[in-house]
Amino acid sequence: MSILVRRSVFQLRTVNRCRKIKLTTQSARNVSQLSYKTPLNESLSKELRHFHTSHAVNKIVAFKLSDIGEGIREVVIKEWFVKVGDNVQQFDNICEVQSDKAAVTITSRYDGIITRLYHDIDQTALVGQPLVDIDVQDSENDGKPTDAAPDKPVAEIDAPKTEQNQKIKVLTTPAVRRIAAQFKVDLSAVKATGRNGRVLKEDMLSHLNINSDDSNEVVLPGSVRAVEIPVTKAQARVELALEDKVVPVTGFQRAMVKSMTEAMKIPHFVFSDEYNVTKLVESRAALKKQAEERGVRLTYMPIIIKAASLSLSYLPILNSSLDSSCENLIYKASHNIGVAMDTPNGLVVPVIKNIQIKSILEIAQELNTLQEKGSKGQLGLNDLTGGTFTISNIGIVGGTYTKPVIFPPQVAIGALGKIQVLPRFDSQGNVVKAHILSVSWSADHRVIDGVTMARFSNHLKNYLEDPYILLLDL
């Protein structure tokens with residue numbers, strides 16, 4: 001009996017000791033403990049003690065460029081807002097990219113530390129490919145030592161090469177950036193005096209004067225003549241101009257190549273006319289001051305756009321489009337009129353939507369907003385898509401008649417020339433001074449015939465030559 005008791009006590013002690021055995025494993029992210037309550041796992045625990053992971057596994061996240069819509073498959077990196085070693089949080093700006101339709105700002109989806117940038121500025125990035133690597137663990141364990149394998153992290157290998165190619169985000173205007181690019185000036189080195197640290201044009205000019213002169217205390221006439229010394233530089237530029245230069249087609253220029261290639265497949269019908277807009281000039285002069293009191297800059301374009309919308313109501317076929325198979329004609333319910341603009345990034349056509357329900361002042365205010373965005377390169381995809389009819393104002397640059405090219409899938413486009421003061425005969429046969437607007441129209445001759453285009457032009461002509469008729473239909 002005593003022997004049986006001793007055996008029971010020995011077995012009970014053995015079970016208690018086995019329950020205390022624990023197997024610990026270490027990974028790159030956390031140090032976790034795994035408890036085993038049976039002695040059968042003792043041999044397995046000895047093997048797992050030698051298992052470890054490198055410092056980068058399950059820690060470095062590749063932030064990929066997601067699909068930004070409109071069938072875009074690649075973009076050009078225009079500016080980095082981060083560099084290797086920066087801490088980022090969710091929704092922080094990572095970079096600005098330029099597609100063939102608009103500029104888009106990419107934001108972070110993770111909290112962590114930037115360990116690698118895959119592209120330099122002006123390089124092409126593909127949708128679905130990595131933009132940056134983010135260390136998501138360092139943001140959680142800042143200042144805490146971690147036991148990891150002595151493998152060298154990927155960030156330490158790529159950081160020196162990447163940091164040299166990054167630029168610090170500087171607030172300034174496109175004009176100042178062009179000056180900086182021309183003279184190869186780092187904007188971060190320019191002393192900013194503008195609001196919120198913005199670099200003004202005066203700051204850039206002052207910076208260039210400091211770099212070009214040894215002293216700013218006295219400016220002698222001789223120093224002005226000393227500018228003639230870099231004659232060799234001027235000769236060098238002439239020699240470089242003789243060499244061919246290969247420039248990739250990117251951004252808005254690439255979008256124009258695609259759209260114009262498709263546009264030239266359309267048979268164009270062109271119709272031109274002259275409008276006597278003397279009364280319109282007088283009316284706009286009277287309304288301009290009142291519009292300024294309401295904080296709106298009123299030009300001729302908002303009035304012409306509204307008149308075009310009213311004319312489209314009489315001839316809705318001009319506000320339609322063909323389907324991809326060219327078997328059906330789609331009549332658009334909204335009058336979304338695009339206005340061609342010349343911007344630092346090239347020709348763009350932002351769209352003012354639902355013209356049919358907006359007043360002239362509302363159209364003018366939205367047009368002013370789009371012009372401001374265009375000058376700063378801030379037009380988005382929503383601003384550039386959805387157009388059903390287009391008007392181009394070449395008169396701002398100069399010229400009278402032209403042949404505008406249709407933007408597919410639209411079926412018509414108009415171009416306004418410069419308003420000229422010319423002699424004309426009045427109803428009594430007297431020669432009078434008149435303000436003449438030259439207008440050119442292009443229509444898809446598969447859908448629009450010449451009579452339809454002429455009728456539309458006559459409707460618009462009545463509105464612009466006598467603004468009182470326009471008031472009756474508002």
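Structure notes:
- Within-14-Å neighbourhood charge of Ser440 [Cβ basis; K, R +1; D, E -1]: +1
- A Förster radius of 45 Å, combined with the Cβ-Cβ distance separating Lys403 from Thr124, puts the computed FRET efficiency at roughly 0.85.
- The Cβ shell under 10 Å around Pro267 holds other residues with a net charge of +1, Lys and Arg each +1, Asp and Glu each -1.
- P(r) tail fraction, the range 59-136 - alpha-carbon pairs more than 17 Å apart, %: 37 percent
- 32 Å Cα-Cα threshold exceeded, pairs from Lys332/Lys373; Lys201/Lys306; Lys245/Lys353; Lys78/Lys306; Lys288/Lys461; Lys83/Lys191: Lys201/Lys306; Lys245/Lys353; Lys78/Lys306
- The protection proxy used here, the mean number of other Cβ atoms lying within 10 Å of each residue, ranks peptides 311-319, 187-195, 288-296 as follows, highest first: 311-319, 187-195, 288-296.
- On the basis of the beta-carbon distance and an R0 of 56 Å, Arg195 and Ala454 show a calculated FRET efficiency of 0.60.
- Estimated at 0.36 nm per residue, the fully extended path between Lys433 and Leu242 surpasses their Cα-Cα distance by 63.7 nm.
- Distance (nanometres) between label positions extended 7 Å along Cα→Cβ at Asp86 and Arg73: 3.0 nm
- Centroid-to-centroid separation of the range 438-455 and the range 348-401 [C-alpha atoms, Å]: 22 Å
- Taken along the Cα-to-beta-carbon direction at a fixed 7 Å, the label points for Leu474 and Ser66 span 4.4 nm.
- Evaluated with a Cβ-only charge set (Lys, Arg +1; Asp, Glu -1), the range 267-473 carries a dipole of roughly 380 debye about its Cα centre, given to the nearest 20.
- With the charge dipole of the range 267-473 set up from +1 on Lys and Arg Cβ and -1 on Asp and Glu Cβ about the Cα centre, the Cα lying farthest toward the positive end among the listed residues Gly387, Thr452, Pro302 is that of Pro302.
- Within the accessible surface of the range 267-473, defined with a 1.4 Å probe on protein heavy atoms only, the carbon and sulfur portion equals 52 percent.
- Förster radius 35 Å - calculated FRET efficiency between Asp323 and Ser272, Cβ distance, rounded to 0.05: 0.75
The values are calculated or read from the model by the stated rules, or taken from the named source; none is laboratory data. Only a predicted model underlies this, so the values are computations on that prediction, with no experimental measurement involved. Note that we place each Cβ from the backbone using ideal geometry, even for glycine, and neighbour counts take in every protein chain shown. Ligands, DNA and RNA are excluded from the accessible area calculation, which covers all protein heavy atoms including side chains. Shrake-Rupley method; radii C 1.70, N 1.55, O 1.52, S 1.80 Å.
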